[in-house]
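Got a structure here, written out as structure tokens. Questions coming.
The values are calculated or read from the model by the stated rules, or taken from the named source; none is laboratory data. Because the structure is predicted, anything quoted here is derived from the model rather than measured. For neighbour counting, all protein chains shown are included, and Cβ atoms are generated from backbone atoms with ideal geometry for every residue, glycine included. When the accessible area is computed, the model is the full protein with side chains, heavy atoms only, and any ligands, DNA or RNA have been set aside. Shrake-Rupley method; radii C 1.70, N 1.55, O 1.52, S 1.80 Å.
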Amino acid sequence: MGTTSCRALEHALGQGRGWVRAGTASADLFIVPGYRFRGTGALLTNFHLPRSTLLMLVAALAGREVVLDAYAHAVSLGYRMYSFGDAMLVV
């Protein structure tokens, strides 16, 4: 899943029911390192802007050092960053 789907799922699961039901809601969840994920085991996402909330979410799942290493690798090989095509799988 991507970061938006991740936030929506984690918000729904964080409501204490342990399950998700159909409906509409607003997810104002801010996921940072240290967050305990309830329903997300992997992300398929692009390389986000430094210091962004989306990058914080990725670092919360993968770990700060893993994300820094992935970005260094991507920059060294000329990956297209942000919303321009290249992505990473975080498990």
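Please give the FRET efficiency for Asp28 paired with Arg80, using the beta carbon to beta carbon distance and R0 = 30 Å, rounded to the nearest 0.05.
Efficiency, from the Cβ-Cβ distance: 0.45.
I would also like to ask the following. For Arg38, what accessible surface area do you get with a 1.4 Å probe? Give it in Å², rounded to 10.
120
Any chance you could look up the accessible area of Phe30 with a 1.4 Å probe, heavy atoms only, rounded to 10 Å²?
120
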